[in-house]
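The values are calculated or read from the model by the stated rules, or taken from the named source; none is laboratory data. Bear in mind the structure is a predicted one, so any value in this text is a computation, not a measurement. Because the Cβ atoms are built from the backbone with ideal geometry, glycine has one as well, and the counts that use them run over all protein chains shown.
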Amino acid sequence: MEKIAVISDIHGNIPALESVLADINSKNIRRIICLGDIVGKGPQSSMAIKMIEKHCESVVRGNWDDFFPKPQESAVIKWHQNQVTKEQMNYLKELPFSVEFMMSGKLVRMFHASPRSEYERIRPGDPLERRLSMFENTELTQNISENREADVVCYGDIHDAFQQHIKGKTLCNAGSVGNPLDLTQASYAILEGEYGQQENGVFSIQLVRVPYDIDLSIQLAREAEMPELQEYIQELTTAQYRGLKNRADNRHPQ
Ligand SMILES: [Mn+2]
């Protein structure tokens, strides 16, 4: 049996990322997949890219990773863009949309938000049809088994960890490492099963919460003179989103 750690939505929060990586390491898990949104929101986008590049075997592109290398109007986003190097912008540009593999007879697919876009937000309480659409094959997904749809989908984006079974399929959200909006502890998932195996076998998904030094994260943001500090402090200390819940909020991308 093999274990794979799935992390997502780091958002430049290094104390949270370090705590999660330490927990993964303490469990002797060597394979880590990142579901995107490495940058923005928190003060240390550059360090976040450096650490993700070093520790993760696969990384997919989030909405922040997609718009980050492009010119932006917002002064806040420009501040975050100025934290990273040109090489790191190129790294973000080259990230793939999804990853896929077989595990214990299940086709496991991972992407940031939906199989159609890094910007399409799907929540656990959305209508059945919308949640079922998460398993569809699209032009953007890898489709390693031709017309076969995914049995397990693991994603990020909503900063809200959950796992649910829908008509024989499993939908899992790894939550957010650096900007959780459900509990004020860093979140990640562990998949366990027989990697690469076509035949059915034992398979599990575990959602893990890791406490981290929130005061240090706030101190680092303050020292960096990061814009929208109060909104950031509020999100880290209360897990309450600063923008409008239940709709895509372009002014405050999640
Ligand atoms: Mn995000």
Among the residues of region 132-164, write down those that are in contact (Cβ under 8 Å) with a residue 40 or more places away in the chain, over 25 Å from residue 252 (Cα atoms) and among the hydrophobic types (A, V, I, L, M, F, W, C). 140, 144, 150, 152, 153
Hey, could you check region 162-221 for residues that are over 18 Å from residue 27 (Cα atoms), in contact with a helix residue (DSSP H, G or I) (Cβ under 9 Å, 6 or more places away or on another chain) and aliphatic (A, V, I, L, M) and say which is farthest from the ligand (Cβ to nearest atom)? 166
What pairs can you find where one residue is in region 1-25 and within 18 Å of residue 57 (Cα to Cα) and free of Cβ contacts under 8 Å to residues at least 60 places away in the same chain, the other is of a type outside the set (Val, Ile, Thr) and surrounded by fewer than 23 Cβ atoms within 10 Å (Cβ to Cβ), and their Cβ atoms are less than 8 Å apart, with a gap of 6+ or different chains? 21/51; 21/55
For region 222-240, does any single residue satisfy the condition of being under 16 Å from residue 123 (Cβ atoms) and within 15 Å of the chain's Cα centre (by Cα)? no
Cβ-Cβ below 9 Å, separation at least six or inter-chain, first residue in region 240-254 and under 18 Å from residue 182 (Cβ atoms) and β-branched (Val, Ile, Thr), second outside any loop (DSSP other than H, G, I, E, B) and at pLDDT 80 or above: which pairs? none
For region 93-123, which positions are away from the ligand (no atom under 16 Å from the Cβ), under 19 Å from the mean Cα position of the chain (by Cα) and not in a strand (DSSP E or B)? 93, 94, 96, 115, 116
Taking the stated definitions as given, is residue 135 among the aromatic types (Phe, Trp, Tyr), within 16 Å of the ligand (Cβ to nearest atom) and buried (at least 19 other Cβ atoms within 10 Å of the Cβ)? no
Any residue at all in region 160-175 that's among the basic types (Lys, Arg), at pLDDT 95 or above and part of a strand (DSSP E or B)? yes
Helices (runs of 4 or more DSSP H) within region 1-78 that include 2 or more residues surrounded by fewer than 19 Cβ atoms within 10 Å (Cβ to Cβ) and more than 12 Å from the ligand (Cβ to nearest atom): 14-26, 45-55
